1. Considering only residues that are closer than 12 Å to residue 338 by Cα, touching a residue at least 24 places away in the same chain (Cβ under 8 Å) and part of a helix (DSSP H, G or I), which ones fall in region 293-324?
2. Given the criteria hydroxyl-bearing (Ser, Thr, Tyr), farther than 18 Å from residue 96 by Cα, at pLDDT 95 or above and away from the ligand (no atom under 13 Å from the Cβ), does residue 29 qualify?
3. I'm checking my understanding of the structure. Among residues of region 1-22 that are farther than 16 Å from residue 50 by Cβ and modelled with pLDDT of 95 or more, which one is farthest from the chain's Cα centre (by Cα)?
4. Name the single residue that is surrounded by the fewest Cβ atoms within 10 Å (Cβ to Cβ) among those in region 34-52 being closer than 15 Å to residue 5 by Cα and touching a helix residue (DSSP H, G or I) at 6+ places or on another chain (Cβ under 9 Å).
5. What number of residues in region 318-348 are at pLDDT 95 or above and either among the acidic types (Asp, Glu) or under 16 Å from residue 303 (Cα atoms) (or both)?
6. Please count how many residues of region 66-81 are within 16 Å of the ligand (Cβ to nearest atom) and surrounded by 15 or more Cβ atoms within 10 Å (Cβ to Cβ).
7. Tell me which residues, restricted to region 11-25, are of a type outside the set (D, E, K, R) and either in contact (Cβ under 8 Å) with a residue 60 or more places away in the chain or near the ligand (Cβ under 10 Å from one of its atoms) (or both).
8. Tell me which of these residue 269 doesn't satisfy, since it passes every other one: (1) crowded, with 16+ Cβ neighbours inside 10 Å; (2) free of Cβ contacts under 8 Å to residues at least 24 places away in the same chain.
Amino acid sequence: MPTYKLKYFNGRGRGELIRIIFEVAGVKYEDVRIQYEDWPSLKPKTPFGQLPVLEIDGKEVSQSKAITRYLAREYGFYGANSREALDIDVVLELCDDLMAPLIAMFGENDKEKNRKYHDEQAPKVLGHLEKVLCQNNEGSGFFVGDKISMADLCFLTAVDFVSCPMFASPEHPDDLDSFTKLKALDGRIRCQNKIADWLKRQTPFGQLPMLEIDGQAIGQSKALGRYLGFVLGFFGANPRESLDIDVICELCDDLVSPLSATFGEQDEEKKKELVKRYYAESAPRHLGHLERLLCKNNEGNGFFVGDKISVADMVFLAVMDWVLTPEHTDALDSFTKLKALNDRIRAHDKIADWLKRRPETPF
Ligand SMILES: N[C@@H](CCC(=O)N[C@@H](CS)C(=O)NCC(=O)O)C(=O)O
């Protein structure tokens, strides 16, 4: 058996079908996730300046579709004969048609185009796919032949792509709803042991962060923060303290949300104006609430809740990392108790140690 090393970004994209083929085939491979900050130095060393790249016995190969076809042939997912291979190819191309408009929209955040995609383009291609599915075993098996093939695996990755947070549509939470046979197929594929196992190990909502607890991937940062707070003793000494901590966490969320909403603004002038207004109005209002609550406990000279540091203080620290930008280092100047708290948290021995050790990152 050759040794395989797959290099791709830490996302699904063009790498996922390759990973799934390895997983379903039960073939050992190294899943190397390239961080974006390492990409510029790696790019010139790859065959075509792109990922994915598969190393087969140390030799690099590029082009995702060529790689998937090769692996499908090697491990029995490309049909029993040329005719089946042709039928599989047809499904692959249809999946491409399903994804192509989204790839073209990447990073645009154009709501009208997205609506049109889910209203018109996606149903058209899904209709074709359902028709093809129904030509085999009346649509109750797999796309081609009697066993799962690259066609089904590709369909699975395409459906995940269409419904990922970047492209999902609130009006169409599930594009497969009107395609009962495809929907049942999607369920059938996801139930296959190896696929179910792989999916369980993936990000639960196609987003990061996620935390693996005893091998199970769990998403949603705030829920995870609370859970760790409970488990590690930073979520209050009793339910009342937990409630007070939750209130601070939600206020911190209210404090930072309008600021994070400005990040996606493309118009630089408009963005400047929004940020200016944020620091003049929204930030002081929420910081005022936070200072008032802080002062209710130990006259504001300790921590937000109780007598020791809690998740409330940690969330505040994390949020201040966003709010105190180099242009707005003075945002806490009118809130002397909060400012002192921020310094106190940063001086906490374990936090100070972490702040010293944590890598420099752009955000
Ligand atoms: N036809 C190529 C396209 C590869 C491609 O566009 N890769 C993207 C990621 S999905 C990439 O490497 N982008 C980074 C860059 O071009 O610098 C394939 O299927 O492998």
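1. 293, 294, 295, 300, 313, 316, 317, listed by residue number.
2. yes
3. So the residue we want is 2.
4. Here the answer is 34.
5. 19
6. 6
7. Listed by number, the residues that qualify are 11, 13, 15, 17, 18, 20, 21, 24.
8. Unmet condition: (1).
The values are calculated or read from the model by the stated rules, or taken from the named source; none is laboratory data. All figures in this text were calculated on a predicted structure; none of them were measured in a lab. For neighbour counting, all protein chains shown are included, and Cβ atoms are generated from backbone atoms with ideal geometry for every residue, glycine included.
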